[in-house]
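Read-outs: derived from the displayed coordinates by stated rules, not from any lab. Note that the structure is predicted; figures quoted are calculated from it, not measured. Ideal geometry is used to build each Cβ from the backbone, glycine not excepted, and the neighbour counts take in all protein chains shown.
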Amino acid sequence: MSAVHPSLARLSEQQANDHGEKTAIIFDGQELTFAQVHVRTLRRAAELRASGIRRGDRVAYLGPNHPALIETLLACLRLGAVFIPLNWRLTAGELDFQLAAAGVSRLIVSDEFHNTAQSLTADVPTGTVGWEPIPADGDPNAADGYVPEVPAAEVDGSEPALLLFTSGTTGRPKGAVLTHANILWNAFNLLLNTDLTADDRTLVAAPLFHVAALNQQVMTSFIRGASIIVESKWDIDIVFDLIESHRLTWLFGVTTMLAGLAQSPRWATTDLSSVRFVNSGGAPVPVSLIHDYQARDIMFCQGYGLTETAPGCTFLTAEEAMVRPGSAGRAVPFTEVDVRDASGNPCGPGVRGEIVARGPNVMGAYWNDEAATAAAFSPGGWFHTGDIGYLDEDGFLFIVDRLKDMFISGGENVYPAEIESALFAHPDVNEAAVVATADEKWGEVGHAFVVPAPQTSPTANELRAFLTERLAKYKVPKFFDIVDSLPRTGSGKVHKVSLRRTNALGAHSRTDDSTGGADSAATVPATAPTAPTKDQA
């Protein structure tokens with residue numbers, strides 16, 4: 001007889017029994033207790049069931065961060081349905097692709113995206129648009145007392161719970177299928193690596209269509225009984241206000257988000273004493289940013305993971321960050337992480353290779369894509385991440401770059417993340433991204449896109465001289481563009497495909513190859529057009 005894995009079908013019910021009148025969610029000045037969240041979950045489940053949703057059906061949600069998104073997820077878990085949080089930054093065509101690929105049975109749309117929904121052409125059943133997730137009277141307390149009976153589905157934990165589409169930075173996005181067990185094991189891993197308690201208050205301002213916000217923050221906090229403050233978007237001043245008014249204890253953000261806080265004038269004046277720790281992931285973190293938070297007595301905890309791993313693979317505790325800044329930490333308790341060479345053999349300490357992972361938090365397959373699934377796994381159940389890194393002698397992982405981002409200049413491997421980290425240390429640099437561009441002499445050379453700090457005007461010559469003191473000459477980019485912003489994916493990562501497209505269009509200023517090259521110190525004007533904004537990416 002096969003083993004039965006625990007599921008999350010009864011999660012809202014269990015938390016209502018255990019935490020009752022404790023605050024579960026705060027949104028727009030309103031507070032919902034765990035008991036109220038369960039009632040609202042039952043209502044949403046009853047509405048979905050009445051519309052024909054059954055175990056295994058896919059339910060998509062299009063809308064910004066809101067308690068209704070969390071309630072719809074919990075309702076899907078109770079019914080045994082599969083929840084799909086859609087990236088609302090996508091175009092109608094991109095959304096059509098995902099809806100059709102997933103075979104969505106019902107689409108839930110917030111008022112803000114009614115027009116977008118009207119323009120969709122995917123074959124989604126009639127009547128899916130217009131279901132109102134927010135009570136018309138705005139009353140979060142369900143004062144009429146209606147509590148429908150919706151039995152929890154007898155779902156095995158190995159069954160799908162979430163279908164999350166990857167960013168699609170290299171082509172069509174793939175749907176990562178995360179099971180109930182994947183979500184649970186990810187939460188167990190994080191809880192064992194942190195001292196998160198039911199008294200913590202976490203800010204959820206990163207988009208909930210991203211696995212880090214949805215699983216690391218919302219699901220882990222809800223399972224632990226902690227309170228979740230939901231914001232529809234990341235706004236630096238609002239974050240500082242919430243830290244003071246709600247005494248937030250836990251923040252999550254990608255490098256750009258957390259750097260924005262540290263660079264704000266309010267950083268030095270706001271009372272940050274309630275903030276116990278911050279988590280970051282999604283991109284390498286500059287050591288200088290870690291030091292900024294440590295200087296304010298805030299534990300800076302890093303992690304590494306992917307959508308396909310639900311997402312946590314490694315974790316770096318605050319204590320470890322003090323002695324190993326720049327590391328992504330060691331493998332989380334129930335997950336194995338290794339580094340392999342091109343032949344699939346384990347790499348020794350300090351030797352770079354592809355990062356692989358396996359464990360109960362790792363997905364089993366991409367949705368309806370046997371070829372992609374087969375390509376992603378090797379014998380033994382190892383998932384190939386496509387990231388380059390190395391392990392030190394104590395098993396700490398250091399991320400070097402994306403395998404697809406590495407380029408070869410004059411026969412030497414160049415890792416853009418290393419250059420970006422060096423650029424970030426320049427006082428006049430807010431953000432930086434480096435991509436490869438073709439070069440007749442060297443094959444490929446670097447092209448840096450730099451967002452300057454406010455009231456600064458760094459030049460290409462200054463940046464080049466700064467890097468030349470810190471990096472080998474072949475690593476120093478040949479081209480520099482000073483831009484207003486960097487294009488981003490919905491999850492906040494730099495959309496390097498857009499930057500490479502800028503290269504292909506010849507938007508940057510070039511010097512003659514006789515004076516430039518990977519090993520030269522050519523002077524390149526920093527006056528190229530601004531890179532696309534995130535809305536154009």
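Report the label-to-label distance for LYS22 and ARG172 in nanometres (one decimal), using points 7 Å from each Cα along the Cα→Cβ vector.
Simple spin-label model gives 4.5 nm for this pair.
Starting from 0.36 nm per residue, how many nanometres of slack lie between LYS441 and ALA425 once their C-alpha separation is accounted for?
Values: separation 16, 0.36 × 16 = 5.76 nm, distance 2.96 nm.
Roughly 2.8 nm would be gained on extension.
A 29 angstrom limit on the alpha carbon distance is what I want to check against. Which of LYS233/LYS475; LYS174/LYS496; LYS233/LYS496; LYS174/LYS475; LYS441/LYS493; LYS22/LYS493 exceed it?
Listed pairs above 29 Å: LYS233/LYS475; LYS174/LYS475; LYS441/LYS493; LYS22/LYS493.
Might you report the magnitude of the Cβ-based charge dipole of the chain about its Cα centre, with Lys and Arg at +1 and Asp and Glu at -1, to the nearest 20 debye?
For the chain, the charge dipole is close to 660 debye.
Using the crude model of +1 on Lys and Arg Cβ and -1 on Asp and Glu Cβ, and no other charge, please compute the dipole size for the range 407-504 relative to its Cα centre, in debye to 20.
Dipole size: approximately 220 debye.
Using only helices, what value at 222 nm comes out for the chain when you add -39,500 (n - 2.57) per DSSP H run of length 4 or more and divide by the total residues, to the nearest 500 deg cm²/dmol?
Estimated from H runs of four or more residues: -7500 deg cm²/dmol.
Relative to the present Cα-Cα distance, how much length would full extension add between GLU462 and GLU319 at 0.36 nm per residue of separation?
Separation in residues times 0.36 nm, less the Cα-Cα distance, equals 47.9 nm.
What nm value, rounded to one decimal, do you get for the distance between ARG266 and ASP369 when each label is placed 7 Å out toward the C-beta?
Inter-label distance under the simple model: 3.9 nm.
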